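The next block holds one structure in the form of structure tokens; read it before the comments.
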Amino acid sequence: MSDPSEYPSLPTAVQRAAAGFHTAGWTGFWVQVVLAVVATIILLFAASSRTIAPAVASPGRGFGVFFAICGLVALYASIFWTFRYTRLSKQLQTPDPALRPRKADTIELLRMGVMINLIGLLLIILGAQAIVGALLAKSLSQVQGLGALDPSRQIQPLDIFVVQANTHAITAHFAGLVTSLWLLNRLSR
């Protein structure tokens, strides 16, 4: 359905824009959904594991998890926004030019998608910095052989799970950002 010739009554530029929004919208949507679901499951697992068998408190972990969750909320907003690109593709295919979205409105929609992903990236990166900082402090404070005696100095596997969830969320926000910027670039031609 991404072939511009499928919309013969539309101007060529509108055909290309509709095809681009369709392809990039669905691709960006599914990449973000898969990565968001994996990151959410990992964070839920880490959170539930802490309540079942609480790990020793780490000063950066709570702050990091808070920002990771905020970044995931932004990621779900980005997924919704990327899905809107697929709906915009349908609107662009309308034969009546009065019903088609204006180019300025479309560019504004893309800019908002870029902003959502940049804010999400900022939140996730803040969370990742806090978590990695806490892990670094733990690893530097470990004395060979004494880690078994003091569990507060041990790096917990759950800490690594949270880092992995953040990495997935960063990748998903990056995919959303690439989708919006690619569409913005194509529309600006």
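Using heavy-atom solvent-accessible surface (probe 1.4 Å) with all chains present, what is the largest-first order of 102, 111?
102, 111
Report the net charge of residues surrounding residue 189, where surrounding means a beta-carbon distance below 15 angstrom and charges are Lys +1, Arg +1, Asp -1, Glu -1.
Here the charged neighbours net out to +3.
Determine how large the accessible area of residue 87 is when every protein chain is in place; take a 1.4 Å probe and give Å² rounded to the nearest 10.
Using a 1.4 Å probe on the heavy atoms, I get roughly 90 Å².
Find out how many positive minus negative residues lie around residue 88, taking Lys and Arg as positive, Asp and Glu as negative, among other residues whose Cβ is under 11 Å from that of residue 88.
+3
Just to make sure I understand: if all protein chains stay in place, what is the order of 138, 90 by accessible area at 1.4 Å, largest first?
90, 138
Projecting each Cα onto the charge dipole of segment 16-135 (Lys/Arg +1, Asp/Glu -1 at the beta carbon, about the Cα centre), which of 67, 38, 129 comes out farthest on the positive side?
The residue sitting most towards the positive pole is 38.
Heads up, I need the accessible area for residue 27: 1.4 angstrom probe, whole protein in place, Å², nearest 10.
For residue 27, solvent-accessible area is about 80 Å².
The values are calculated or read from the model by the stated rules, or taken from the named source; none is laboratory data. Nothing here was measured: the structure is a model prediction, and the numbers come from that model. Using ideal geometry, Cβ is built from the backbone for each residue, glycine included, and neighbour counts are taken over all protein chains shown. Ligands, DNA and RNA are stripped out before the accessible areas are found, and what is left, the full protein with its side chains, is counted by its heavy atoms. Shrake-Rupley method; radii C 1.70, N 1.55, O 1.52, S 1.80 Å.
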